[in-house]
């Protein structure tokens, strides 16, 4: 939002001609054919690391950068080229994937003083797999377009395990003609690549899903906890919900009550899975998007607050299904 | 809650011996064998009417009562015996089913001055299919036990259509030995009869399910609305949610957004289905149960408030999925 | 609610004539003149103890009862007569004050098997200072009326300190002609005795006040916490709020932020004051009243949930302003 | 937030020396002495118009700009100089006041392609009275500092009436040495000018106050509505709240219930006052600030949602106390 306006404030892309756009498509086509040429990868953290490795496994030379040099070392050992800045990556590769933790980092990496756009080549394909504000994605796409490059947002669902196994889901927003080119790379890292619409809709799909997920997880925890206190057996209650209209992914696939299911975080003291602090971050993005579009999200904003409080009560690194544990504690004197 | 205490205040059932309980079980056994003997039915409204008719279809003579005499007329025409009071029903039948709209009505019908318990026979089986406070169910069970009768709560899920078709789901709470006797009758009216545990747990299962249902329905409406405002196509968004962790019954079976699915209330201007006012009632019961057991239900209580507000804004007779319509309205000047 | 119906279910007070009511008023008048005759007091806990002592100080012989005999011992030493049951109190005094912790206790004390109404004298004045559901107060008033007695609800605001100092505020509901008679006794214990309307309105006034108090306290805590994190000095922020439209009792008289004011619980590690568990109880009563009257209370019900969660996180015995402490904790890894 | 990062991304102000800052202070001092020299005013809407007129009345030549030329006409007639852009204002005046409706407008006016900072003189004093995100204020202050100018945030409380009467309250954030210079101008438009701390704290104070105001207004409306439905007279209930701990500005100065007070919007069909849509905007700013600082604001975010929903239900132009009317509507069939 604010970002959009700042960018807009200093720019004049509205004067850009169709010609540039058409030109970039043409260049992309030739670029897309040249597969197995180098791919840039920026952001080699918990998620980026296994994602980039899967690109290497598929035969793509990777040009790597991370703000923490030690994160690159492993890739150096694998024979990847390591650079000094996002701009240098853009200088060496015309397809770049970014995987960053926040709006701030994405803005820095793309439009910062050593950012990608300082040296991006015309026709480059820039794929951002970070989960960020869709309004920021749209702004970055406009800035990229000014340089003759194509920006797509492609956030993922699935955690570190899925990143390692190469079966992430990518939700992709951007110019439809570029989707195939993006998909060529993304299928190396994910089993599911979904085209969502214009730029920003990948982010939108992700934050809408995660907002609904948070709501139904807290709802499942509340319903299970209430039922247990009213005398129901947890397994029986889960069974009843799952054959009724209360059924949801949080009740039938990822039940938050210890002892109801095996192989889920609730069976392992809420270790692993999707951390409460990450859920709180995604709910914050949903909240900002809702505020900007004046969309009422009563339960969504309360879910955000619940996860925000949990983060302050020691749950930040536990799986987000630990909301059951948070709620079931009883009054003590 | 309060009811429990009043009943308890004037009673002394704690002195009751095991003997009585054992006795009633024995009597019930002989009663259960005598099938196709008369069955009492009290409460012949939208739901009770088709339920009682299904009993008639299965060959059970029905002894009918409703506070509105005209509701009984149809049963008189069908050859059923119509009585003047719940007490009279209890005088003529030792198996009675009740289907009533509120705590108040259930209390009146069971322990009122012309209530069932005034003339109930020892060993009678009393099945209450009303949706009421589980604490009231427990109280009524205790009062029934004092008279040597057995009370079970057996609320239903499924609406008028399911009642007509005889495929309701019954969630049954009460003494386990009596479950088969109850099931014999309930299977005439429903396709699914689930034993939930001690008395009150049928109600508990129902209100927990409906609380989770309300939460995930509002959550689905919020997520779909937000996604649409962020530029996503509704059908595509529903598809993405349904293959992801946001999936729930409200998104994949009963989607609240017009145009996404056929054959659901959202495809028919939110007519039919489960009315907002009924959902608000069930959420009120969940709220009272949560308050009494000091169980935190943050989203559950907000969902209650949302449906409460909707009732005041003209949505009371629309299906509860109309929360999407309620939320999508935009600011007007 | 449920209580009302049970009582109603077994009763026939609607047939009662005006005559009885008029009669009781006449008797009350003669009773009211006979001041300094014995006054019954039931419930000698944290609040009841100092309240009853203030009656003694004002020269009223007190007939005492408490379910815990040791609570009566002090009054025996003061020369008060101690009885074995509420019924015995009613046998010996025609003015009785009750101060009890819950709906359940009030129902037991009034209509239980050894309750006041078992031996109440015609024309007696029964004043209940417990904080309970107004619907229960109404029911008890109807039962009392059947016995020719007058019941008034008179809950208090002000804690143990105000009870000792004799400057409680009483909010009184009941027949207006009886208000002076009630006030004669209540002014021994409080400095402020307010007539609120028909029976139940004393409770209504109290729970409405406390619901608004809880909401503005949490709001003050949120606003102060947010301001501090945005760089404002707490004292300065409090000063600004207090000269602006955010001003409220919680900001200007009972500020929840340590260091802003002296002589309030926040200056003393949240000791003393009005405990979180008591606030949670009052919010539960507000919630039940709102549910029964179909009144939307969005913030009221969320405030209830916040205090409910706090009770489970170790705050139950701290003053309710400790919500600031609860909210200000920061994310830890 | 995002804005901050974009600005930072392209900047290097961390290298700026103390010297510059000291220099600007010196220049400001000489500027501050030169009173009755021209003052720029940008944004001549409902609020800006009467504010700028008050400057004229106090003898300040005003250099005016508004994006809508017709808004300037009146000032032309008053003899003020009208310019073509914010940059032109900065070219002609070294003290500028801005009053703009949103983050976007403020960013455009300050750092846009024809923004103030394009032509700002060293030592200029820039006072922004818009209500915007404090993070944006901080960013603008940094950009201004790079040009050797001083930026202060000075949002107001009080509406159009107070703007006309010249008795607004200004909450001022920025370098303390500049406060007197700012105050010289602000006292022409307001009766109360409060120094809040470093830049951004003026905004922080305002949004914290308004968040608490919204919470206590909705709380007052809920409590009054519940009390009325429980049988209390509205005036009596207001009186009780106002002498008790529920007292707040919304109950004692601006009561939302028609008939309780004179001279407030509730006495005039909720016309005039502070519109619901403006309150929703401020709550959105509070929400964004809370999200950015990870501060839990459970009631604050629900209050935001309530006003958001009200905007969509036809209340956007009514005073924000109309939440009482919104809540009191009853279920209709």
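Readers should treat all values here as calculations from the given coordinates under stated rules, not as data from a laboratory. The model shown is predicted, which means the values in this text are computed figures rather than measured ones. Note that each Cβ is placed from the backbone with ideal geometry, even for glycine, and that neighbours are counted across all protein chains shown.
How far is helix C:276-292 tilted, in degrees, relative to the longest principal axis of the Cα atoms in chain C, given as a value from 0 to 90 rounded to the nearest 10?
The helix C:276-292 is inclined about 70 degrees to chain C.
How much mean residue ellipticity at 222 nm does chain C get from its helices, if each DSSP H run of length 4 or more adds -39500 (n - 2.57) and you divide by all residues, to the nearest 500 deg cm²/dmol?
So the helix-based figure for chain C works out to -15000 deg cm²/dmol.
What is the residue of chain D with the smallest Cβ distance to the axis taking D onto C, and what is that distance in whole Å?
Result for the D and C rotation: D:248, 2.
Other chains near A:187-200: what is the mean number of their Cβ atoms within 10 Å of each residue's Cβ?
The shielding value for this peptide is 2.
Between residue C:233 and residue C:37, what is the label-to-label distance in nm when each label sits 7 Å out along the Cα-to-Cβ direction?
Roughly 6.4 nm, to one decimal.
Taking R0 as 60 Å, what's the FRET efficiency between residue A:187 and residue C:262 from their Cβ-Cβ distance, rounded to 0.05?
Step by step, r from the Cβ atoms, then E = 0.35.
From the convex hull of the Cα coordinates of the protein assembly as shown, what is the mean projected area in square nanometres?
If you wrap the Cα atoms of the protein assembly as shown in a convex hull and average its projections, you get 53.3 nm².
Can you put D:291, A:293 in order of Cβ neighbours within 10 angstrom, beginning with the fewest?
A:293, D:291
Sort shortest first the distances from residue D:59 to its counterpart in every other copy, using label points 7 Å along the Cα-to-beta-carbon line, and give them in nm.
Once sorted, the set of distances for residue D:59 reads 7.3, 8.5, 10.8 nm.
Quick one: work out the % antiparallel among DSSP beta bridges in chain B, nearest 5.
15 percent
Mind giving me the FRET efficiency for residue A:160 and residue A:76? R0 is 22 Å, r the Cβ-Cβ distance, nearest 0.05 is fine.
According to the calculation, E is roughly 0.50.
Using only Cα atoms, what is the ratio of the radius of gyration of segment C:205-328 to 2.2 N^0.38 Å?
1.03
How high is the relative contact order of segment C:246-333, given as a whole-number percent (alpha carbon pairs under 8 Å, six or more residues apart)?
Over segment C:246-333, the number comes to 35 percent.
Could you check the spin-label model distance between residue B:68 and residue D:84? Points 7 Å from the Cα along Cα→Cβ, value in nm.
7.7 nm
Hey, for residue C:330 with labels 7 Å out along Cα-Cβ, what do the inter-copy distances come to in nm, ordered shortest first?
With the label placed 7 Å along Cα→Cβ, residue C:330 yields 3.6, 4.1, 5.1 nm.
Kindly state, to the nearest 0.05, the FRET efficiency for residue D:121 paired with residue B:330, given R0 = 56 Å and r defined as their beta-carbon distance.
With R0 = 56 Å, the Cβ-Cβ based efficiency is 0.80.
Take every residue in peptide D:321-330, count the Cβ atoms of other chains within 10 Å of its Cβ, and give the average of those counts.
Taking the mean over all residues of the peptide, I get 3.
For segment C:162-276, what's the relative contact order in percent, using C-alpha pairs closer than 8 Å and at least 6 residues apart?
That works out to 18 percent.
Please report, for residue A:184, the nm distances (one decimal) from its label point, 7 Å out from Cα along the beta-carbon direction, to the equivalent points in the remaining copies, shortest first.
For residue A:184, the other copies' label points sit at 6.6, 7.4, 9.9 nm, shortest first.
If the elastic network links every pair of Cα atoms under 10 Å, which of B:290, B:204, B:181 fluctuates the most in the Gaussian network model of chain B?
Its mean-square fluctuation being the largest, the pick is B:290.
Using only alpha carbon pairs under 8 Å that are at least six residues apart, calculate the relative contact order of chain B and give it in whole percent.
Computed value for chain B: 13 percent relative contact order.
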